[in-house]
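The structure appears below as structure tokens.
The values are calculated or read from the model by the stated rules, or taken from the named source; none is laboratory data. Computed from a prediction, not measured in an experiment: that's the story for all the values here. As a convention, Cβ positions derive from the backbone with ideal geometry for all residues, glycine included, and neighbour counts pool all protein chains shown. To get the accessible areas, we keep the full protein, side chains included, count just its heavy atoms, and leave off ligands, DNA and RNA. Shrake-Rupley method; radii C 1.70, N 1.55, O 1.52, S 1.80 Å.
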Amino acid sequence: MKFYGKTDVGSCRTENQDCFGIYEIIPGVTLLAVCDGMGGMAGGATASRLALDTFAENMRLHILPDNPEDEPDLGSIGLRFALNASASDANRAVLKMAQDSDGKLEGMGTTLVALLVVENTLILSLNIGDSRLYEIRNDRIEQLTKDHSYVQHLLDLGEITYEEAQTSPIRNIIMRAVGIDDDVAGDVKSHDPSPGTEVAPRYMLLCSDGLSGVISDEEIKNIVTTENTISKKVERLVAAANAAGGPDNITVILAEI
């Protein structure tokens, strides 16, 4: 698997509250994750970094067996538990830091989208908030996660159209985040583990809404399918979001499966 990630402050913000990580949990098991913080300048950056670090470290703890002589549990049930448990650990860590801050970090939280790839065997994702996971394959792009946003809620109820959702002034209001409530539930999904081919490459893209909320899915697909290296694809995506105004921090991880 090839992968490349980049985070950028954007054209309008003075601080980057996004962060991302690419981790090899054990040989053959890769974790990719993006967090988009909220809650003021100090709070958003603190929440996203703390959540990401806690999530990744606890994924290792939940996957690796207590007895080093035992084999790790790399089945779907065990890895789903690890993703959910690690998200809960991250939620508690952010919530506790906010509570211990004498009000300085009150209300901070973060989105989280993660992809766990067990090479040639299993692919799982987890998302909380409106950071997204896409698949680009066979000249198609598909959003694999569902936003936990108020606009998505209205869309599900049929009260607004897809076109209205794309330009709604309240599309940044999210209904689920890490570090806001005592408990948080992530959506965990399994995905086809089959790799792409030279003729039909397969890409998985994780991003904050600084990308997905600024340029269209079609533009994302066109950039990913025309640039010739993973790094150039990501650099072009970030540049396109900035060219469109760059109103928010922009974070992208692209993996070729």
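Here are some notes:
- Candidates LEU155, LEU211, LEU205 - the one that is assigned to a helix (DSSP H, G or I) and either touching a Phe, Trp or Tyr at 6+ places or on another chain (Cβ under 6 Å) or open to solvent by 40 Å² or more (accessible area, probe 1.4 Å) (or both): LEU155
- Selection count, the range 123-152, where residues are open to solvent by 80 Å² or more (accessible area, probe 1.4 Å) and either touching a Pro at 6+ places or on another chain (Cβ under 7 Å) or touching a residue at least 60 places away in the same chain (Cβ under 8 Å) (or both): 3
- GLY196, sole failed condition from (1) at pLDDT 95 or above; (2) at negative phi; (3) touching a strand residue (DSSP E or B) at 6+ places or on another chain (Cβ under 6 Å): (1)
- Selected residue (only one of LEU74, LEU83, LEU105 is under 22 Å from the mean Cα position of the chain (by Cα) and in a loop (DSSP other than H, G, I, E, B)): LEU74
- Complete set of residues in the range 100-122 that are under 23 Å from THR145 (Cα atoms), surrounded by fewer than 19 Cβ atoms within 10 Å (Cβ to Cβ) and among the polar types (S, T, N, Q): ASN120, THR121
- Among the residues of this structure, LEU133 counts as one that is in a strand (DSSP E or B) and under 24 Å from ALA165 (Cβ atoms).
- Taken over the range 9-24, the criterion of being touching a helix residue (DSSP H, G or I) at 6+ places or on another chain (Cβ under 8 Å), assigned to a strand (DSSP E or B) and surrounded by fewer than 21 Cβ atoms within 10 Å (Cβ to Cβ) is satisfied by GLY21, TYR23.
- Of the listed requirements (1) open to solvent by 30 Å² or more (accessible area, probe 1.4 Å); (2) touching an Asp or Glu at 6+ places or on another chain (Cβ under 8 Å); (3) not polar (S, T, N, Q), ILE230 misses just one: (1).
- Close contacts from the range 21-34, counting a first residue that is at pLDDT below 95 and a second that is open to solvent by 20 Å² or more (accessible area, probe 1.4 Å) and of a type in the set (Lys, Arg), with Cβ to Cβ under 6 Å and a gap of 6+ residues or different chains, come to ILE25/ARG60.
- Subset of the range 64-95 (residues that are of a type in the set (Gly, Ala, Ser) and open to solvent by less than 40 Å² (accessible area, probe 1.4 Å)): GLY75, GLY78, ALA82, ALA85, SER86, ALA87, SER88, ALA90, ALA93
- Test: SER168 is open to solvent by less than 60 Å² (accessible area, probe 1.4 Å), out of contact with any helix residue (DSSP H, G or I) (no Cβ under 8 Å at 6 or more places or on another chain) and within 30 Å of GLU106 (Cβ to Cβ): no
- Residue match in the range 38-51 (condition: charged (D, E, K, R) and either surrounded by 17 or more Cβ atoms within 10 Å (Cβ to Cβ) or assigned to a helix (DSSP H, G or I) (or both)): yes
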